[in-house]
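Undergrad: One structure follows; several queries about it will come next.
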Amino acid sequence: MTSHKSSERQHEILMKYHGKSLEEHIYSGSKPLTHFKILQYLYNLLDLLEVLHESGYAHGNLKPKNIAIN
């Protein structure tokens, strides 16, 4: 869930995704993530958070279960 404050109002955006979460991948018994892949996910996530924060958005519950990967 993300929130955006506009004047006195706060808007919430709920997003449903299809696919696999980072948590599902970690516990699925699949091949472990390489250090390179972990860094790719981390840098992409940080880039996304930077854009969200610069745009005035805030994120909610950030955890592996809520991070979609492909």
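Values quoted throughout were computed directly from the atomic coordinates according to the rules given, and no laboratory measurement underlies them. Remember, it's a predicted structure, so these values are computed and weren't measured experimentally.
Undergrad: I need the phi-derived Karplus couplings for the range 40-57: 6.51 cos²θ - 1.76 cosθ + 1.60, θ = phi - 60°, integer Hz, Gly and Pro marked x.
TA: In residue order, the calculated couplings are 4, 4, 4, 5, 5, 5, 5, 4, 4, 5, 4, 5, 4, 5, 5, 8, x, 8 Hz.
Undergrad: Rounded, prolate or oblate: which one fits the range 28-67, using the alpha carbon gyration tensor with axes a ≥ b ≥ c (rounded when a/c is under 1.5, else prolate when a/b beats b/c, else oblate)?
TA: Values: a/c = 5.48, a/b = 1.86, b/c = 2.95.
Verdict is oblate for the range 28-67.
Undergrad: Could you calculate the contour length gain from Leu39 to Glu24, that is, 0.36 nm times the residue separation minus the distance between their Cα atoms, to one decimal place in nm? Provide the component values of the computation, followed by the final result.
TA: Details: separation 15, 0.36 × 15 = 5.40 nm, distance 1.79 nm.
Full-extension gain reported as 3.6 nm.
Undergrad: Another question about this same structure. Sequence-distant or interchain residues sharing an amide H contact under 5 Å with Ile67, placed H: which?
TA: Answer set, sorted by chain and number: Leu22, Glu23.
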